[in-house]
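Below is one structure, written out as C-alpha cells, with a few remarks after it.
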Amino acid sequence: MEKVTVQMLIERALEARTYSYSPYSGFQVGAALLARDGQVFTGCNIENAGYTPTNCGERTAFFKAVSEGVRDFAAIAVVAGPADTKGDLLMGAPCGVCLQVMMEFCDPETFQIIIAASPEKYEIFTLKEMLPRGFGPKDLGR
C-alpha cells in the first residue's frame, strides 16, 4: 500500500469538499481521515434547514470510518471556505464538537490535525494542541 502523504490527504479533503451540501451557509468543508492501517475516509459538511441536525465534514469522516469498524486513526486533513472561493481556502480549524469526537477515538498526543488552505499551504497540530484539556475515555477510567 502506498504511503499517504500530507498533500495526498489534503487533495482527498479538497475532493470531499465538492460534495458539501451547504445551501444555507454556502460554506463548504471537506475532510480526509487517515486510519493507521492506511485507509482514508472522507467526509463533507451536510446542512439541514433545522440547523441543529447539521453535521460537520470531520464528523462525517469519523462516523463513516467507525461504522465500518475502524477505530485507530493517525491524522485528519480539513479544508474549508465559501463555495465561490477562488484560490486558497481558509485555514479553518475543527469546531469544538468535532474535537470532542476526535478525543473519543484518537490519542491526543499523536493524532495530527492538518488545517489546509491548499496542498502547499497548511499547518499541522496535535489534538492536544487544539484541545489541551480535552475530556476523553481515559477520564472515565477507560
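Table for the structure above
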quantity	calculated
Subset of segment 55-75 (residues that are part of a loop (DSSP other than H, G, I, E, B), surrounded by fewer than 17 Cβ atoms within 10 Å (Cβ to Cβ) and either modelled with pLDDT under 95 or more than 15 Å from the chain's Cα centre (by Cα) (or both))	GLU68, GLY69
Near pairs, Cβ below 7 angstrom, 6+ apart or cross-chain, from segment 122-142 (on the phi < 0 side of the Ramachandran plot and touching a residue at least 60 places away in the same chain (Cβ under 8 Å)) to any residue that is part of a helix (DSSP H, G or I) and of a type in the set (A, V, I, L, M)	TYR122/VAL6; TYR122/ILE10
Options VAL97, VAL78: the member that is in contact (Cβ under 8 Å) with a residue 24 or more places away in the chain and surrounded by 15 or more Cβ atoms within 10 Å (Cβ to Cβ)	VAL78
Residue in segment 80-100 that is closer than 18 Å to VAL4 by Cβ, modelled with pLDDT of 95 or more and either under 14 Å from the mean Cα position of the chain (by Cα) or not basic (Lys, Arg) (or both) present	no
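Listed here are the residues, each with its yes/no results for (1) farther than 19 Å from ALA117 by Cα; (2) more than 14 Å from the chain's Cα centre (by Cα).
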position: THR18; (1), (2): no, yes
position: TYR21; (1), (2): yes, yes
position: GLY30; (1), (2): no, no
position: LEU33; (1), (2): no, no
position: GLY38; (1), (2): yes, yes
position: THR52; (1), (2): yes, yes
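The values are calculated or read from the model by the stated rules, or taken from the named source; none is laboratory data. Everything numeric in this text was worked out from a predicted model, so none of it was measured. Note that each Cβ is placed from the backbone with ideal geometry, even for glycine, and that neighbours are counted across all protein chains shown.
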